[in-house]
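Structure first, then comments.
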Amino acid sequence: METIPCPDFLSRSNFFKVMWNFPKFLVPSFLCFNLVIQILWLCFISIGQDEWSALMVLCLQLWIYISVFQSRTRIRMLTEDLYRISNMLHAYTLQKKKMMKIHIWMYCLFVILGMTFLEVTFFRSGMIAYEQQELLDSEIIPAHLKEQLADLLYVTYAFTILLANGFSAILPGYYCFACNCMKQFFLCFEMKSKVLIARHDYQRILENYKEINETMIIMDDLLSLPILVSVINILATLFWFGYSFAFLPNDNKMLGIFTVTGFVQYFVLLMMTLPPAAAANQAAATAREIVLSLPGWFPKRHSIIKSLVCRRFQPKTALTLGKMYRIDKSMLISAIATLISYGIVLDTLGSVQSSDDEN
């Protein structure tokens, strides 16, 4: 809503215009508010591992928001480029457009239901009562403020769960959409290139590839660093949910449902980030091979085409994480293996510490 201009039929009413721009002010305000509350909690109430993990996740989400907010104009231009190339290549039929809309609405429904279910299971698990009791037992906070702060903590946790899980789903959702578009563009380019080669129209092939290739470069320049931080945020949250489920008391079933639900939701976000980007990179590599093979298809213009290809398209184009890691299919397995490895290490350290305490 921040990157897309307010529609004309809504901008005619001041009320709907304010409601359209409301998230622009709500999200940063509440992210900063939660960050301050979490820092104060660490300073005066508790300094456990859960509190440090929550602080790290909030810092990552705030950084993602600032980065995306600063690039909102370029994101709007990227969306316009995707729409323009889609029309140029006729990449989507009417049926595919309908299916894309259905998938987008299904994703929005998944996010809303996930946030609601997490909210309900969290408060029914009794975790908020434990946090409130820690606040009431604190000797630093004045007695006349404890009840008011306990109510404020309740409201803060309610909005934190909604905002954190909802905001974490925004960037992966858009990135998945853009990656699927790029993959479809390269597949469509591959199909049309066969027809254009038969027509000896190499210039059209190079022009089409140039448009798609430049859009992919812009997309990587714009989103590579935010998506890297987003993946770190998702992996950190996945690790927290998995670790909590492994070491939670077995008698609290609602807390177990909360952690399993959160783990499933964030695993879906991870699956919507890395595999689509890997598929887009694979399609881009196939399209590049077609372009590099063009001089062989046109022997009479071999030197001219080879010069154009070497001058314009010699560097490989790929979607990356922070301009450091090229996204491929093996990255998902590596990320999951890293989470399991850290879990085993922490479990081993915890067992060693417990045995030392007993001795």
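Scanning the range 196-207 for residues that are open to solvent by less than 70 Å² (accessible area, probe 1.4 Å) and touching a Leu at 6+ places or on another chain (Cβ under 7 Å) turns up Y202, I205, L206. Evaluating E139 against the criteria (1) free of Cβ contacts under 8 Å to residues at least 60 places away in the same chain; (2) assigned to a helix (DSSP H, G or I) leaves one unmet condition, (2).
To keep it simple, each residue is scored yes or no on (1) modelled with pLDDT under 75; (2) assigned to a helix (DSSP H, G or I); (3) more than 30 Å from E289 (Cβ to Cβ); (4) of a type in the set (G, A, S).
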position: E134; (1), (2), (3), (4): yes, yes, yes, no
position: L145; (1), (2), (3), (4): yes, yes, yes, no
position: L171; (1), (2), (3), (4): no, yes, yes, no
position: C176; (1), (2), (3), (4): no, yes, no, no
position: K183; (1), (2), (3), (4): no, yes, no, no
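The set of residues from the range 151-166 being of a type in the set (S, T, N, Q) and without any contact (Cβ under 8 Å) to a residue 24 or more places away in the chain is empty. Scanning the range 211-233 finds no residues that are hydroxyl-bearing (S, T, Y), closer than 30 Å to K97 by Cβ and not in a helix (DSSP H, G or I). Scanning the range 313-340 for residues that are charged (D, E, K, R) and part of a loop (DSSP other than H, G, I, E, B) turns up K316, K323, D328.
When S293 is tested against (1) modelled with pLDDT under 90; (2) closer than 30 Å to A129 by Cβ, just one condition goes unmet, and that condition is (2).
A single entry from G262, G242 fulfils the requirement of being open to solvent by less than 70 Å² (accessible area, probe 1.4 Å), more than 23 Å from G322 (Cβ to Cβ) and at pLDDT below 85: G242. Output yes when any residue across the range 83-95 is over 30 Å from C188 (Cα atoms), touching a residue at least 40 places away in the same chain (Cβ under 8 Å) and either open to solvent by less than 20 Å² (accessible area, probe 1.4 Å) or under 28 Å from the mean Cα position of the chain (by Cα) (or both), and no when none is. No, every residue in the range 83-95 fails to be over 30 Å from C188 (Cα atoms), touching a residue at least 40 places away in the same chain (Cβ under 8 Å) and either open to solvent by less than 20 Å² (accessible area, probe 1.4 Å) or under 28 Å from the mean Cα position of the chain (by Cα) (or both). Within the range 313-332, restricting attention to residues that are surrounded by 11 or more Cβ atoms within 10 Å (Cβ to Cβ) and of a type in the set (A, V, I, L, M, F, W, C), the residue that is modelled with the lowest pLDDT is F313.
Here L109 qualifies as open to solvent by 60 Å² or more (accessible area, probe 1.4 Å), among the hydrophobic types (A, V, I, L, M, F, W, C), within 29 Å of P226 (Cβ to Cβ) and under 20 Å from the mean Cα position of the chain (by Cα).
The values are calculated or read from the model by the stated rules, or taken from the named source; none is laboratory data. This one's a predicted model, so the numbers in the text were calculated from it and none came from an experiment. All Cβ positions, even for glycine, are placed from backbone atoms using ideal geometry, and neighbour counts span all protein chains on display. When the accessible area is computed, the model is the full protein with side chains, heavy atoms only, and any ligands, DNA or RNA have been set aside. Shrake-Rupley method; radii C 1.70, N 1.55, O 1.52, S 1.80 Å.
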